[in-house]
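*Asks:* My structure is below; once you've seen it, I'll send some questions.
Nothing in this text is a laboratory measurement; each read-out follows from the coordinates by a stated rule. Just so it is clear, the structure is predicted and the values come from calculations on it, not from any experiment. Here the Cβ is made from the backbone with ideal geometry for all residues, glycine too, and neighbour counts use every protein chain on show.
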């Protein structure tokens, strides 16, 4: 996800990677708070070498393109001070709304109906024997 976000932002300097990772995690959390299942998680390990070089290991497991696109829109909306913030915010809200209403993307109503309790057998005396 980090490489996709950096590409969307047209950023090549790893100096911005920790901030971008934070925005990706915030996007994941925002979707979860709306009841949307991201189908994975953002997981980044950020290290700084002795040369003060930033290295990021991206262990993210979100592969659904609709989820990824919403997250990238969120990152673009929050990174820096975009001139088109209002357009990006409207786009993100639309994408999130579509995901909230799409089958299989939310936590709402996805649990199966509980099995009905079996009717008690009127001939069973409840003692586990053969009824004699």
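*Asks:* If you scale each eigenvalue of the Cα gyration tensor by 5 and take the root, what three semi-axes come out for the stretch 21-79, rounded to whole angstrom and sorted largest first? Can you show the working numbers first?
*Replies:* Details: eigenvalues 116, 31, 17 Å².
Over the Cα atoms of the stretch 21-79, the ellipsoid semi-axes are 24, 12, 9 Å.
*Asks:* Roughly speaking, what % of Cα-Cα pairs in the chain are separated by over 22 Å, rounded to a whole number? Could you put the intermediate results ahead of the total?
*Replies:* Numbers: 4334 of 8646 pairs.
Above the 22 Å cut-off, the chain has 50 percent of its Cα pairs.
*Asks:* Is it possible to state the helix-based mean residue ellipticity at 222 nm for the chain, with each DSSP H run of 4+ residues giving -39500 (n - 2.57), the sum divided by total residues, to the nearest 500 deg cm²/dmol? What is it? Let's see the in-between values first.
*Replies:* Values: 4 runs with 56 residues, N = 132.
Calculated mean residue ellipticity at 222 nm is -13500 deg cm²/dmol.
*Asks:* What's the Cα-based Rg to Rh of the stretch 1-45, Rh via Kirkwood? Walk me through the numbers before you get to the answer.
*Replies:* Details: Rg = 11.2 Å, Rh = 11.1 Å.
Using Cα coordinates only, the ratio equals 1.01.
*Asks:* Output the peptides 20-30, 34-44 sorted from most to least packed, where packing is the average of other Cβ atoms within 10 Å over each peptide's residues. Can you show the working numbers first?
*Replies:* Values: 20-30: 19.5, 34-44: 16.9.
Output ranking for 20-30, 34-44: 20-30, 34-44.
*Asks:* What distance in nm separates the two pseudo spin-label positions at residue 102 and residue 83, each 7 Å out from Cα along the beta-carbon direction?
*Replies:* With each label point 7 Å from Cα toward Cβ, the separation is 3.1 nm.
*Asks:* Connecting C-alpha atoms closer than 10 Å in a GNM of the chain, tell me which of 18, 82, 120 has the biggest fluctuation.
*Replies:* 120
*Asks:* Between residue 16 and residue 50, what is the spin-label point distance in nm, taking each point 7 Å from the Cα along the Cα→C-beta axis?
*Replies:* 3.1 nm
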